[in-house]
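Please read the structure below before turning to the comments.
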Amino acid sequence: MKTYIAFFRGINVGGHNILPMKELVALLEKLGSHNVKTYIQSGNAVFRHEVENTSKLSDRIRAAIKESYGFEPQIFLLDLVEMEQAMASNPFPEAESEPKTLHLYFLASIPENPDLKALDSLKRDDERYSLNDKVFYLHAPHGIGRSKLAGQAEKLLGVAATARNWRTVYKIMAMAEQDG
């Protein structure tokens, strides 16, 4: 069995696509997942599963949610090694002491033609970013709410993404390591 980290995009946001975490746990267990744990209401789960193909597993979860809840969220599914690599590759380790300022955007695929010039033009003087395969790192000391770069990153990267701050990533990794 492998340990997986699932980031669900767009659930329980603004009163739309409601999926209570208790119900998500039950749904994942019904699909054969073990040791399911969730973190905060915005759709983060850690679980173990025997399926090795992340694409197939993600499709099964998405289909089950659509059947039961009527919407089909995008799911970014990582195994424990991928999550460890994303954390270890953080190019801004000094920002970890202010975990709400450091964000990891998990990408659906490696961007083929990211518009780096446009990203640079939107970047504030105190912001830094780095693209490493399927993770886009953004250090925004004044928060992503005020960041033009944060608001346009997905569009300019040209691939679907979901972002989590370092605190969330760290907590989820700690949960995953308990089972891994």
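The values are calculated or read from the model by the stated rules, or taken from the named source; none is laboratory data. If you're wondering where the values come from, they're calculated on a predicted model, not measured in any experiment. Cβ placement follows ideal geometry from the backbone for every residue including glycine, while neighbour counts extend to all protein chains displayed.
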Pairs only if they're at least six apart or on different chains, beta carbon under 7 angstrom, first in the range 159-171 and surrounded by 18 or more Cβ atoms within 10 Å (Cβ to Cβ), second charged (D, E, K, R); list them, first residue then second.
Ala161/Glu154; Thr162/Arg9; Asn165/Lys100; Trp166/Glu96
How about the range 3-21: which of its residues are among the small types (Gly, Ala, Ser) and either surrounded by 18 or more Cβ atoms within 10 Å (Cβ to Cβ) or modelled with pLDDT of 95 or more (or both)?
Ala6
Just checking, does the range 83-91 include any residue being crowded, with 16+ Cβ neighbours inside 10 Å, small (Gly, Ala, Ser) and assigned to a helix (DSSP H, G or I)?
yes
Going through the range 118-140 in order, the residues found to be out of contact with any helix residue (DSSP H, G or I) (no Cβ under 7 Å at 6 or more places or on another chain), surrounded by 13 or more Cβ atoms within 10 Å (Cβ to Cβ) and either among the hydroxyl-bearing types (Ser, Thr, Tyr) or part of a helix (DSSP H, G or I) (or both) are Ser130, Tyr137
Out of all the residues in the range 92-116, which are assigned to a loop (DSSP other than H, G, I, E, B), more than 20 Å from Leu157 (Cβ to Cβ) and among the acidic types (Asp, Glu)?
Glu98
Can you find a residue that is assigned to a loop (DSSP other than H, G, I, E, B) and touching a residue at least 40 places away in the same chain (Cβ under 8 Å) anywhere in the range 61-70?
no
Just name the residue that is nearest to His103 (Cα to Cα) out of those in the range 39-60 that are in contact (Cβ under 8 Å) with a residue 60 or more places away in the chain and among the aliphatic types (A, V, I, L, M).
Ile40
Would you be able to tell me the number of residues in the range 99-117 that are closer than 25 Å to Met173 by Cα and touching a helix residue (DSSP H, G or I) at 6+ places or on another chain (Cβ under 7 Å)?
9
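Given Tyr129, Tyr39, which one is of a type in the set (Ser, Thr, Tyr), within 24 Å of Lys171 (Cα to Cα) and not assigned by TED's automatic domain parsing to the domain that holds Gly14? Walk me through how you get there before you give the answer.
Numbers: Tyr39 fails: not assigned by TED's automatic domain parsing to the domain that holds Gly14.
So the residue among Tyr129, Tyr39 that is of a type in the set (Ser, Thr, Tyr), within 24 Å of Lys171 (Cα to Cα) and not assigned by TED's automatic domain parsing to the domain that holds Gly14 is Tyr129.
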Do we find that Leu156 is in contact with a helix residue (DSSP H, G or I) (Cβ under 6 Å, 6 or more places away or on another chain) and within 26 Å of Ala6 (Cα to Cα) in this structure?
yes
